[in-house]
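For reference, the structure discussed in these notes is given below.
Each value in this text was obtained by applying a stated rule to the coordinates, not by laboratory testing. Quantities reported herein were computed from a predicted structural model and do not represent experimental measurements. Positions of Cβ are generated from backbone atoms using ideal geometry, with glycine treated the same way; all protein chains shown enter the neighbour counts.
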Protein chains: 2
Amino acid sequence: MTTRGRRAGTSRTREAIAEAARRSFGELGYERTTIRAIANEAGVDPALVIHFYGSKQQLFLSVIDLPFAPEEVLPAILAGDRNGVGERFARFVVGMLEDENARSVMTGMVRAASTEAEAAAMLRELISRRVFAAIADGLGVDDANLRANLVGTQVVGLVLARYVVAVEPLASLDADRVVASIAPTFQRYLVGPLTEPDQA
Amino acid sequence: MTTRGRRAGTSRTREAIAEAARRSFGELGYERTTIRAIANEAGVDPALVIHFYGSKQQLFLSVIDLPFAPEEVLPAILAGDRNGVGERFARFVVGMLEDENARSVMTGMVRAASTEAEAAAMLRELISRRVFAAIADGLGVDDANLRANLVGTQVVGLVLARYVVAVEPLASLDADRVVASIAPTFQRYLVGPLTEPDQA
DNA sequence: GTAACAATTCAATAGGTGTTGAATTCTACA
DNA sequence: TGTAGAATTCAACACCTATTGAATTGTTAC
C-alpha cells in the first residue's frame, strides 16, 4: 500500500528511527532488538534504517548515550557541603531513574554492556572520559578513578536489581527510602575512607 | 567421519554438554550462545543436545544455578561477631569470584538476567527462596528482604563492573583492596541503620 | 539370544536475521 | 525548468537459528 519513493514534505523519519531504536534497545537490549522491529515502529522500511545508520551496531552507537551530561550535573552535586554529597548524589540518581526516558536509556546501556563487547567498550570509554574527569575535578581526592568505579558498581547494581530484574521489595520501594538506603554508600565511596570499615 | 548410532562404553556426554553449556552461557550470555556451539564443544550433534534437554531454554534453566549453596555458606558468615559480618561477607563474595568456574556462572546469571525475562524470573525466585531465607535466619533483623536486596545490588554491580565490563582500575585491583572497599557497604546493608547516613 | 531401549547422527524444515541493489518519487538548487 | 541528490520502498540474498523425524548402533534385561 505504501507507495515507493520519497514522501512529500520535510522528513522527520531519521529522528523517528532514532527514537524507536532508543526505546527498543532500552527495553529489549541489543540482541533482541531487530532492525525490522525498529523500522516497523518508525513506520519505515528496514532498508531505510541501514541507509541512514549504516549498520545495526552503528545505529546502536549513535543512539545510545548517557541521559544526562555529567560535566554539567556532577559539579553542582560534588561542590558544597561534603557531608551531604552522598545524599545529593543518591537523590540525583534515583530521581533521574524516575523519568521513563532516562530509565530506558540506562537499562539499555546496562543490558547492552552485559552482552555486547562493543557496547561494554563504549561504556568504559564514556565512563572514563566524562564521568571520571568530572568526579576528579569536583572532588579534591587522589584516587578518584577507583571511587568513580565503586560509585558505578552501586549505580549499575541498583538499575539492574530495581528495574531490570525488579526484585521485591526494592522494586516497589518509594524513592525516598531508596535514597536513604544507598546514600551512605555513595558518601563513603566518594569522600569516605576506602580501607577501614565505617561505623554501623 | 563420525559414525552414526550409539558409541561404545558408558557415556558421559550428557555432563559434557552441561559443562559446555555452562561455560558458553557464562561467557557469551543466553542469546549469543548457540546450541550448535555447545554441541560442537561437547563433540556431539546439536540434535543430541535437544534430545537430552528438550530446548535451549530448558538447557539453560537446568544448567545455571548459584555456584554455592547459600544455606550452607551464609549461616557461618552471619553468625558470630556482628561487627565483622560485612567483611566476612565481602571476603566470601570476592573470594568466590576468584574461582574461574564460579565467576563464569555468576557472570552468566547476570548477563542472562539482564536480557532474558525467564532468567530474570528464575533469578528472582532463586534469590527469594534461598538467599532471603538464609539471611533472615542468620540475622535477627526485621527487614531482612530489603537488606538482602541491597546486598544483591552491590554484588551484582561488582560482578558487572569488575568482570563483565572490566572497568579500570577496579578490574585489576587486588582482592584484598576490593574487600576493604566494599565490606563497609555490606556491613551497613546487613546490620546497620538503613535510614540515616553513616560516619564518613 | 532377542527385545526393548538409550544414545547418537543425518538431513531437512521453517523461520528468523542483517544487509544489498535497483527502482521510484520527491526536494533543492542552478 | 532541469537536474543532482536525497528519501524511500521492494525484492532478494546469504546466512544462521532452534527444532524435528527417521535411521543407526550400542547396551541392558530377560
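What helices (runs of 4 or more DSSP H), lying completely within region A:62-160, carry at least 1 residues that are farther than 24 Å from residue B:180 by Cβ and within 13 Å of chain B (Cβ to nearest Cβ)? Spell out how you get there, then give the answer.
On the way: elements: A:70-78, A:85-98, A:100-113, A:117-126, A:133-138, A:144-158.
Hits in region A:62-160: A:85-98, A:100-113, A:117-126.
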Members of region B:43-87 found to be out of contact with any Leu (no Cβ under 8 Å at 6 or more places or on another chain), under 14 Å from residue B:17 (Cα atoms) and of a type in the set (Val, Ile, Thr), listed by number: B:44, B:50, B:63, B:64
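Look through A:156, A:167 and report the one residue that is buried (at least 17 other Cβ atoms within 10 Å of the Cβ) and without any contact (Cβ under 8 Å) to a residue 40 or more places away in the chain.
Values: A:156 fails: without any contact (Cβ under 8 Å) to a residue 40 or more places away in the chain.
None of the others qualify; the one that does is A:167.
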So residue B:38, is it within 16 Å of DNA strand C (Cβ to nearest atom) and not charged (D, E, K, R): yes
Those residues of region B:45-55 which are among the aromatic types (Phe, Trp, Tyr) and either at positive phi or surrounded by fewer than 19 Cβ atoms within 10 Å (Cβ to Cβ) (or both), in sequence order: B:52
Of all residues making up region A:115-131, the number that are more than 13 Å from the chain's Cα centre (by Cα) and free of Cβ contacts under 8 Å to residues at least 60 places away in the same chain: 5
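For region A:51-61, give me each residue that is in a helix (DSSP H, G or I) and either under 16 Å from residue A:30 (Cα atoms) or more than 12 Å from DNA strand D (Cβ to nearest atom) (or both).
Residues of region A:51-61 that are in a helix (DSSP H, G or I), as a first pass: A:51-53, A:56-61.
Scanning region A:51-61 gives A:53, A:56, A:57, A:58, A:59, A:60, A:61.
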Which numbered condition residue B:188 misses (of (1) buried (at least 16 other Cβ atoms within 10 Å of the Cβ); (2) more than 8 Å from every other protein chain (Cβ to nearest Cβ); (3) over 30 Å from residue A:122 (Cα atoms)): (2)
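When you scan region B:33-44, do you find a residue that is surrounded by fewer than 17 Cβ atoms within 10 Å (Cβ to Cβ), near DNA strand D (Cβ under 8 Å from one of its atoms), more than 14 Å from every other protein chain (Cβ to nearest Cβ) and under 20 Å from residue B:107 (Cβ atoms), even just one?
Within region B:33-44, one or more residues are surrounded by fewer than 17 Cβ atoms within 10 Å (Cβ to Cβ), near DNA strand D (Cβ under 8 Å from one of its atoms), more than 14 Å from every other protein chain (Cβ to nearest Cβ) and under 20 Å from residue B:107 (Cβ atoms).
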Region B:1-32: number of residues that are more than 7 Å from DNA strand D (Cβ to nearest atom) and away from chain A (no Cβ under 14 Å): 15
